[in-house]
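Working notes, beginning with the structure itself.
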Amino acid sequence: MTTPADASRAPRPAGSSQRSTSPVLDVVIPVYNEEADLAPCVRRLHAYLSDALPYPFRITVADNASTDGTLAIAHALAAELPGVRVRHVDEKGRGRALNTAWSASDAQVLAYMDVDLSTDLAALLPLVAPLISGHSDLAIGSRLARGARVVRGPKREFISRCYNLILRGALAARFTDAQCGFKAVRADVARRLLPLVEDTGWFFDTELLVLAQRAGLRIHEVPVDWVDDPNSSVDIVATATADLKGVARMVRGCTRGTLPIGQIRAQLGRHPIAVTEPGVPPTLARQLVRFAAIGVGSTLAYLVLYVLLRTGAGAQPANLIALLVTAVANTAANRRFTFGVRGVKGAGRHQFDGLVVFGLGLALTSGALALLHSAGEPGRFAELAVLVLANLAATVLRFLLFRNWVFRKNR
């Protein structure tokens with residue numbers, strides 16, 4: 001049963017487009033037996049959107065099988081306030097209510113928030129702005145992100161953090177807060193993802209986020225101010241149990257390959273960054289290829305120099321000179337081709353840092369030689385074999401230090 005208010009009646013502040021007949025933003029409030037909180041919530045949200053949002057909007061009250069006066073209050077609000085509508089679902093389940101309301105909406109951006117308004121409404125515009133602009137695909141309010149301010153009891157804090165740690169460990173989730181009742185998604189993305197979401201309860205939005213992340217979609221996080229509702233009717237034990245079952249189901253799906261992640265990635269996923277500027281590799285894989293090619297050339301040059309110098313010098317001096325010459329050339333080549341740094345600015349510092357890395361490599365190779373000679377006088381082939389192995393270890397160390405220290409962009 002649906003009682004929609006005409007979307008064209010939604011407030012349009014000065015400067016907004018008058019040509020759109022559908023709302024830009026549809027904020028869904030899923031409710032079950034919330035007759036005490038519903039009217040204050042909707043009125044406060046409606047007043048805020050009327051004053052702050054420069055786009056047509058709609059508020060949808062998604063009632064999922066309430067048995068008190070919630071549905072009647074929702075209809076009264078729809079009759080009173082322009083841009084408010086009601087959608088009734090005969091079965092319980094927050095996920096089911098959200099899926100139903102979002103699937104039927106004609107708005108460009110779909111959001112939802114809890115009826116208790118625990119999250120400060122000042123975070124709503126930062127939440128939806130990246131979706132309206134097309135910069136991001138989904139957005140979530142986070143109580144665990146840096147900058148968030150949260151007031152809640154230690155029990156809920158502990159459960160929330162444990163749950164998000166489980167998600168990171170079991171499903172490799174990169175978002176910080178799956179449970180905050182303050183999320184938004186672009187409608188075109190929702191149309192592709194919603195048919196894949198199986199959960200109809202509290203795990204609904206976690207499942208949506210995991211699918212989105214694995215499909216390569218961009219998830220924007222907004223740190224929020226959040227105050228716990230002490231009168232919340234959520235059954236923590238039952239909800240936690242259902243969430244853990246949902247995590248186990250998704251782990252099985254990911255392991256068995258039954259989730260159509262590849263199809264969604266092909267349809268909605270963001271393509272790799274196309275960098276055409278010479279010497280600017282966009283991916284770790286390309287950096288590794290270029291670093292390996294330079295490393296092979298450096299190693300060959302090092303071995304040639306070592307053999308030539310070894311005829312007139314000892315093993316340690318020959319190793320020192322050969323490694324020093326090739327290290328300077330290696331740093332210069334990786335600076336330009338592997339990490340895309342050009343120009344003379346910072347070149348001296350890069351070479352100095354490169355010499356520090358060289359010192360570590362020298363310690364590895366010299367230590368390997370010293371260990372070899374401590375057991376007797378080895379042959380030339382044994383020396384070269386040990387040096388190759390030591391240089392492989394030094395090469396791995398060099399790449400890590402180059403990438404995360406010497407040529408790190410934000411140093």
Practice problem: Taking Kirkwood radius over Cα pairs in Å as the quantity of interest, determine which of (i) 22.8; (ii) 20.8; (iii) 25.5 was computed from the displayed structure. | Solution: (iii)
Quiz item: Rounded, prolate or oblate: which fits region 182-241, taking a ≥ b ≥ c as square roots of the Cα gyration tensor eigenvalues, rounded meaning a/c under 1.5, else prolate when a/b beats b/c?
Solution: oblate
Quiz item: Using the alpha carbon gyration tensor of region 78-233, what are the three equivalent-ellipsoid semi-axes (square root of 5 times each eigenvalue), largest first, in whole Å?
Solution: 23, 19, 17
Quiz item: Ranked by accessible surface with a 1.4 Å probe, highest first, in what order do Val61, Val296 come?
Solution: Val296, Val61
Quiz item: Given the options Ala104, Ala313, Ala238, which has the most mean-square fluctuation in a GNM of the chain, springs set between C-alpha atoms less than 10 angstrom apart?
Solution: Ala313
Quiz prompt | Arg408 accessible area, 1.4 Å probe, all protein chains in place, Å² to nearest 10 | solution = 130
Exercise. With a Förster radius of 35 Å, plug the Cβ-Cβ distance of Ser103 and Ser133 into 1/(1 + (r/R0)^6) and report the FRET value to the nearest 0.05.
Key: 0.90
Quiz prompt | Helix 347-373 axis, angle to the chain major axis (alpha carbon atoms, nearest 10°) | solution = 60
Quiz item: His220's amide H: which non-local residues (gap 5+, or another chain) put their own amide H closer than 5 Å, with H modeled 1.01 Å from N in plane and none for Pro or chain starts?
Solution: Asp137, Leu138, Ala139, Ile140
Exercise. Report, in degrees rounded to the nearest 10, the 0 to 90 angle that the Cα long axis of helix 154-171 makes with the longest principal axis of the chain.
Key: 60
Quiz prompt | Length gained when the stretch Val396-Ala370 is fully extended (0.36 nm per residue, less Cα-Cα span) | solution = 7.3 nm
Quiz item: Rank Ile294, Ile321, Ile264 by accessible area, highest first, at a 1.4 Å probe radius?
Solution: Ile321, Ile294, Ile264
Self-check item: Accessible surface of Lys92 - all protein chains present, 1.4 Å probe, nearest 10 Å²
Solution: 120
Quiz item: When the helix-only estimate is applied to the chain (DSSP H runs of n ≥ 4, each -39,500 (n - 2.57), divided by the residue count), what is the mean residue ellipticity at 222 nm, nearest 500 deg cm²/dmol?
Solution: -16500 deg cm²/dmol
Practice problem: Ignoring everything but the protein chains, give the 1.4 Å probe accessible area of Glu221 in square angstrom, nearest 10. | Solution: 50
Self-check item: Listed residues Asp353, Asp68, Asp51 arranged by accessible area, highest first, probe 1.4 Å
Solution: Asp51, Asp68, Asp353
Quiz prompt | Segment Arg380-Gln316, length gained on full extension (0.36 nm per residue, minus Cα span) | solution = 21.7 nm
Exercise. Calculate how steeply helix 380-401 sits against the longest principal axis of the alpha-carbon atoms of the chain, using the helix alpha-carbon long axis, and give the answer as 0 to 90 degrees to the nearest 10.
Key: 30
Quiz item: Between Arg146 and Ala36, what FRET efficiency comes out of the Förster formula 1/(1 + (r/R0)^6) with R0 = 41 Å and r the beta carbon distance, rounded to 0.05?
Solution: 0.75
Quiz item: Computed FRET efficiency, Cβ-Cβ of Ala170 and Arg265, R0 30 Å: what is it to the nearest 0.05?
Solution: 0.90
Practice problem: Take every DSSP beta bridge with both residues inside the chain and express the antiparallel ones as a percent of the total, to the nearest 5. | Solution: 30
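The values are calculated or read from the model by the stated rules, or taken from the named source; none is laboratory data. The structure presented is a predicted model; accordingly, all values stated were derived computationally and were not measured. A quick note on method: Cβ atoms are made from the backbone with ideal geometry, for glycine too, and the neighbour counts reach across all protein chains shown. Side chains are part of the model used for accessible areas, which takes the heavy atoms of the whole protein and leaves out ligands, DNA and RNA. Shrake-Rupley method; radii C 1.70, N 1.55, O 1.52, S 1.80 Å.
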